[in-house]
């Protein structure tokens with residue numbers, strides 16, 4: 001979580017902002033010249049001049065996000081990271097102003113920082129969820145639902161359509177924004193000995209399920225090994241190359257290796273798969289095998 005801004009840090013932030021706003025603006029030609037010198041020659045003074053001229057842009061973008069409870073200094077710091085990323089990727093030959101290009105990187109860096117620090121629980125990962133996080137309050141005010149403690153069903157549906165998300169996602173985000181983080185070690189009730197973490201279900205398999213799963217996996221492996229022995233040498237080679245490798249070999253490549261057409265390789269592969277299927281059915285029904293899978 002972000003630290004609380006102290007009076008000293010607030011004064012330092014104001015001095016920083018005053019200094020940044022006093023820097024002269026750059027022309028488009030000067031931006032392009034500095035960007036080329038940094039990209040082609042690694043000329044650090046050019047990078048410094050290019051970025052310091054647009055710290056004012058970082059401050060302007062950061063100011064739009066002051067209501068999220070994070071110190072302005074933190075927002076500016078993250079915005080500067082985005083500014084440096086923009087300088088590293090800027091292509092002046094595209095004839096786009098650096099300020100226009102950098103704004104996207106600055107805003108993205110600040111939004112990511114807010115999402116990381118809003119809650120210890122991950123708030124949003126997709127572009128749609130980020131858009132929902134940063135636009136929920138604004139859209140709520142537009143549909144005149146702001147006076148109510150919670151959005152109405154119609155309000156949730158309206159926001160979902162505007163942002164291209166599901167109504168369930170709107171409901172989840174609304175609850176996350178309105179609820180504070182709660183410790184799992186907090187007690188349930190005033191005099192209770194139980195904690196909230198005691199109510200969390202364990203998603204791991206039960207011991208008997210884990211043992212059964214290992215046994216079934218070993219049995220499947222044994223069955224497949226026995227079934228593969230029913231194939232000819234050529235069929236076995238094709239199945240291994242086409243079905244049992246991380247990187248699949250193409251039909252054409254196998255055809256060149258075997259001196260046959262890729263269509264013939266496809267036919268042999270299909271024939272081998274049918275033989276394997278029949279062999280597995282036979283092996284599974286053999287009374288000598290240790291029972292059916294999962295029993």
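Pull out a ≥ b ≥ c, the square roots of the eigenvalues of the alpha-carbon gyration tensor of the stretch 207-284, then state rounded if a/c is under 1.5, prolate if not and a/b is larger than b/c, and oblate in the remaining case. Prolate, since a/c reaches 1.5 and a/b exceeds b/c. Taking 0.36 nm per residue of sequence separation and removing the Cα-Cα distance, the residue 283/residue 226 pair yields an extension gain of 19.7 nm. Where a ≥ b ≥ c are the square roots of the eigenvalues of the C-alpha gyration tensor, would you call the stretch 22-80 rounded, which needs a/c under 1.5, or, failing that, prolate if a/b is larger than b/c, or oblate? Since a/c reaches 1.5 and a/b is larger than b/c, the shape of the stretch 22-80 is classed as prolate. For a modelled paramagnetic label at residue 249, 7 Å from Cα along Cα-to-Cβ, the residues of the stretch 212-237 in reach, with backbone nitrogen under 20 Å, are 225, 228-237.
In terms of packing, defined here as the mean over residues of other Cβ atoms within 10 angstrom, the peptides 93-101, 28-36 line up highest first as 28-36, 93-101.
Counting 0.36 nm for each residue step from residue 162 to residue 267 and taking away their Cα separation leaves a gain of 32.7 nm. Computed extension gain for residue 66 through residue 36, at 0.36 nm per residue and net of the alpha carbon distance, reaches 7.4 nm.
If you plug the beta carbon distance of residue 21 and residue 89 into 1/(1 + (r/R0)^6) with R0 = 30 Å, you get a FRET efficiency near 0.75. Each of residue 112 and residue 206 was given a label point 7 Å from its Cα along the Cα-to-Cβ line. The distance between the two points is 4.5 nm.
The residues 16, 65, when put in order of fewest to most other Cβ atoms within 10 Å, stand as 16, 65.
Coordinate-derived values only; no laboratory data. Given the structure is predicted, the values throughout are model-derived calculations rather than measurements. Here the Cβ is made from the backbone with ideal geometry for all residues, glycine too, and neighbour counts use every protein chain on show.
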